[in-house]
Amino acid sequence: MGVADYLCAMGVPFHTAPGSSFTTVELKTNFLGSARAGERVECRATPVHTGRTTQVWDARVDNATTGRPMALFRCTQMVLLPR
């Protein structure tokens, strides 16, 4: 969940006005599997909605070694516009 949240947060500034900030208003994670020591984990975050005041992001965490999904993540960010 930490890596998914981080990747989504890193994408938000690319879709906001200069000088704005943001905060998380909701997040949800469905855990589907796990990884063993030595297995590679990959995560990809994608924007679903990039509005002026809110953004919704999805992320998927996969066990790259087995090809199986480990987690599905969705978060909503509130964009705090500069004054």
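Among (1) closer than 15 Å to residue 11 by Cβ; (2) touching a strand residue (DSSP E or B) at 6+ places or on another chain (Cβ under 7 Å), where does residue 51 come up short?
(2)
What number of residues in the stretch 11-47 are in contact (Cβ under 8 Å) with a residue 12 or more places away in the chain, open to solvent by 80 Å² or more (accessible area, probe 1.4 Å) and of a type in the set (A, V, I, L, M, F, W, C)?
3
The values are calculated or read from the model by the stated rules, or taken from the named source; none is laboratory data. Here the structure is a predicted model, which is why all the values come from computation and not from measurement. Methodologically, a virtual Cβ is constructed for each residue, glycine included, from the backbone with ideal geometry; neighbour enumeration extends over all protein chains shown. For the accessible areas, the whole protein counts, side chains as well, though only heavy atoms, and no ligand, DNA or RNA atoms are used. Shrake-Rupley method; radii C 1.70, N 1.55, O 1.52, S 1.80 Å.
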